[in-house]
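Let me begin by presenting the structure, written as structure tokens, before commenting on it.
What follows is calculated from the coordinates using simple rules that are stated; it is not laboratory data. Values in this document were obtained by computation on a predicted structure and should not be read as measured data. Neighbour counts run over all protein chains shown; Cβ positions are idealised from the backbone, glycine included.
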Amino acid sequence: MLIAVLAMQSCTKVNYTNDPDALLNFSSDTLFFDSVFTTIGSKSLYLRVRNHHDDAILISDIELEGGTNSQYRINIDGVGVDDNGIPLLAVQDVTVLPGDSLYIFVEVTIDPTSSTSSFIVEDRLRFSTNGSEQSVHLISYGRNAVFHHQPGNWFDSNNPPEQILSCNEIWTSDLPHVIYGPIRVEPGCMLTIEAGAEVYVHDGSGIWVQGGTINIEGTLNEKVVFQGDRLEYYYADAPGQWGLKFPIEFEYEGENVYFTVSRGGIWLDRAFESNIDHAVFKNGTVGIWVDTLSVGSAYSLNITNTEITNMSAVGLLSQGGYIDGVNNLITDCGEACGAFTLGGRINIHLTTFANYWSNGTVRQGPSVYVNDWYESSAGSIERPFVEGTEFRNCIIWGNNATLDNHDELTSNLFNSSIYFSPIFNSCGVDVQDEDFPQSILSANCTTDSEPPFQSTILRDFHLEGNSTVWDGISSIPPLSAAEVSKDLDGAPRSTFSPDIGCYERN
């Protein structure tokens, strides 16, 4: 196939050099692709090929040296296939005018292997001009993975998707796990994710725990990490990359109506006693979304020693959920680190909610929001928090705490006088609003003392100094000594007078 800048079609004569020393200039001598999952294509990288000589250069051949065995694909000035629709492996007779450039775009799709570790996939893009040869190296790190692909529309009763998870499935740490679609844990079933597992989630995807149970069993040294499936450097800290989206279609007054319902990366929909320990959730929309409680279940979620960070919306969201938690760090969310709505039972100790969101948009929401009612078409419906609801020894702060018209802890309670015990006990919070119901704060809560974090710029939320302001009270009971004897780092923690937040001071 001939790809050329056919200046000869004009009235201007093109002068070509035949000097073998008139070499092409490349924008890079190597195109390096970040880790790429097998069978999943990479993003495109481009190569600029420039002729800086006074005469035109005729490139007699551009080819992938791997030929038909190459796992790379090329697109030259917008053309990626030949006349028969077959991906280009080589082209001939390409003209680059003096001072002009040629753009070549390169992608890679890597074939699976038996390796459980990263491996290198190489090729070279070779250029022949006037008997001289030049080449550009193509290098990728390939990774095998276990793919969990769940197509279909869960809300289309006429075309229900096939269930792909076994009833009691275990995900090991041997290979990364990649999720495509809303993977569902059915009622009465359990998904267990073992320590050290890496979970990569595609846009619009996540795990829907529909009446079932999910157990994430990380350890201090082998955390379970959830993040988006784009591995390029650009996406390392980009929020909003993953989270469940359900397409909805119905007919209204003769018209088809389409919209999308969003839920969290993990949606606990009337889940039965799910447990998350030593996990990391990052770069999603909503990290964990908890909806109410399964019949006969003591709690929806027990979450411990876990970090949730860089969510475009909310870190931990509850709608009538029953959540127990200790030693958690929830940071940097576009709306709120924690939103606990429609009542339920929330019992969270020794946790830091630190919202220093700075990802290009102005944050309007607080670090933590609590709510116990909603308004239906029939009127206001109260959903009070039940007995046992308490935030104890927690820090609730953020980069908007210094603003006169912003609180990092806000409430929307139907009647705060029904709560005979404070909801927030021995906590460091930001509250300035004169209308805030002070009765839900214990006397030992601070409301205007900025926590002495090590470095908010570096997102180091350990506390400095030895001020007794940050001394908490015992979390025993309701928690046991074993549950609170170590902090998020695994360091020993005082069980009688711990520091508030997720870290104990040295």
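Rounded to the nearest 5, what % of the DSSP beta bridges within the chain are antiparallel ones?
Working: 52 of 152 bridges.
Antiparallel: roughly 35 percent of the beta bridges in the chain.
Taking +1 at the Cβ of each Lys and Arg and -1 at the Cβ of each Asp and Glu, which of LEU316, HIS53, GLY85 sits farthest along the dipole of the chain towards its positive end, judged by Cα position relative to the Cα centre?
Comparing the listed Cα positions along the dipole, LEU316 ranks first.
Evaluate the distance, in nm, between pseudo-label points positioned 7 Å from the Cα of SER117 and of ASP55 along their respective Cα→Cβ axes.
5.2
When the Karplus curve 6.51 cos²θ - 1.76 cosθ + 1.60 is applied with θ = phi - 60°, which whole-Hz ³J(HN,Hα) does each residue of segment 252-263 get, with x for Gly and Pro?
Running phi through 6.51 cos²θ - 1.76 cosθ + 1.60 with θ = phi - 60° gives 9, 6, x, 10, 7, 10, 10, 7, 10, 9, 9, 9 Hz.
Can you list the HN-Hα couplings for segment 62-69, worked out from phi with the Karplus curve (6.51, -1.76, 1.60; θ = phi - 60°), rounded to whole Hz and with x for Gly and Pro?
3J(HN,Hα) across segment 62-69, in whole Hz: 10, 8, 7, 5, x, x, 5, 8.
Among PHE105, PHE424, rank each residue by its count of other Cβ atoms within 10 Å, from fewest to most, as a rough exposure measure.
Values: PHE105 17, PHE424 22.
Final ranking by Cβ density, sparse to dense: PHE105, PHE424.
Lys/Arg Cβ at +1, Asp/Glu Cβ at -1, dipole of the chain taken about the Cα centre: which of PHE414, ASN221, PRO492 is farthest positive-ward?
The residue sitting farthest along the positive end of the dipole is PRO492.
Please order ILE266, ILE473 by the number of other Cβ within 10 Å, starting at the fewest.
Details: ILE266 30, ILE473 15.
By the 10 Å Cβ count, ascending: ILE473, ILE266.
So if R0 is 60 Å, what FRET efficiency would ASP82 and TYR374 give, r being the distance between their Cβ atoms, rounded to the nearest 0.05? It would help to have the intermediate numbers written out before the result.
Values: r = 60 Å, r/R0 = 1.01.
Computed FRET efficiency for ASP82 and TYR374 comes out at 0.50.
Could you let me know the centre-to-centre spacing of segment 288-317 and segment 428-506, using Cα atoms, in angstrom?
Result: 21 Å between the Cα centres.
Relative contact order of segment 213-318: what whole-number percent is it, with Cα pairs under 8 angstrom and at least 6 residues apart? Mind showing how you got there, number by number?
Working: 252 pairs, mean separation 31.8, N = 106.
Averaging sequence separation for qualifying contacts and normalising by length gives 30 percent for segment 213-318.
Just one of (i) 91, 58, 47; (ii) 62, 61, 40; (iii) 67, 53, 41 is Cα extents along the principal axes in Å as worked out from the coordinates here. Which one is it?
It is the value labelled (i).
What's the ranking of 314-327, 287-300 by average number of surrounding C-beta atoms within 10 Å, highest first?
Details: 314-327: 24.7, 287-300: 20.8.
The packing order, highest mean first, is 314-327, 287-300.
How would ASP174, ASP430, ASP487 line up from fewest to most surrounding beta-carbon atoms within 10 angstrom?
Details: ASP174 12, ASP430 26, ASP487 22.
Least crowded to most crowded, the residues run ASP174, ASP487, ASP430.
Using the Cβ atoms and a cut-off under 10 Å, what net charge is assigned to the surroundings of PHE33, where Lys and Arg are +1 and Asp and Glu are -1? Intermediate values should be presented prior to the final figure.
Values: positive: LYS43; negative: ASP34, GLU107, GLU232.
It works out to a net charge of -2.
May I ask for the net charge around VAL209, where only other residues with Cβ less than 13 Å from the Cβ of VAL209 are counted and Lys, Arg are +1 while Asp, Glu are -1?
Numbers: positive: ARG184, ARG263, ARG270; negative: GLU169, GLU186, ASP269, GLU273, ASP291.
After counting each charged neighbour, the total is -2.
Taking the Cβ-Cβ separation of GLU249 and ASP435 as r and a Förster radius of 51 Å, what is the calculated FRET efficiency to the nearest 0.05?
On the way: r = 43 Å, r/R0 = 0.85.
According to the calculation, E is roughly 0.75.
List the aspartates and glutamates whose alpha-carbon lies under 18 Å from that of LYS13, not counting same-chain residues fewer than 8 positions away?
ASP54, ASP55, ASP93, ASP100
Show which lysines lie in cross-link reach of LYS282 when reach means a straight Cα distance below 28 angstrom and same-chain residues fewer than eight apart are skipped.
Straight-line reach from LYS282, under 28 Å: LYS43, LYS223, LYS245, LYS486.
Only bridges with both residues in segment 343-468 count here: give the DSSP antiparallel percent, nearest 5.
Working: 6 of 24 bridges.
Looking only at bridges with both residues in segment 343-468, the antiparallel portion is about 25 percent.
For segment 145-263, what proportion of DSSP beta bridges, expressed in % and rounded to the nearest 5, is antiparallel?
Working: 8 of 32 bridges.
Around 25 percent of the beta bridges assigned by DSSP in segment 145-263 are antiparallel ones.
Over the alpha-carbon set of segment 68-145, divide Rg by the Kirkwood Rh and report the Rg/Rh ratio to two decimals. Write out the running numbers ahead of the final one.
Numbers: Rg = 15.1 Å, Rh = 14.6 Å.
Here Rg/Rh amounts to 1.03.
I need the shape label for segment 145-263. Rule: rounded when a/c is under 1.5, else prolate if a/b > b/c, else oblate, with a, b, c from the alpha carbon gyration tensor.
Details: a/c = 2.62, a/b = 1.51, b/c = 1.74.
Verdict is oblate for segment 145-263.
Could you please report the charge total around ALA197, scoring K, R as +1 and D, E as -1 over all other residues with beta-carbon less than 11 angstrom from its beta-carbon?
On the way: positive: LYS223; negative: ASP174, GLU194, GLU198, GLU217, GLU222.
Every neighbour counted, the sum reads -4.
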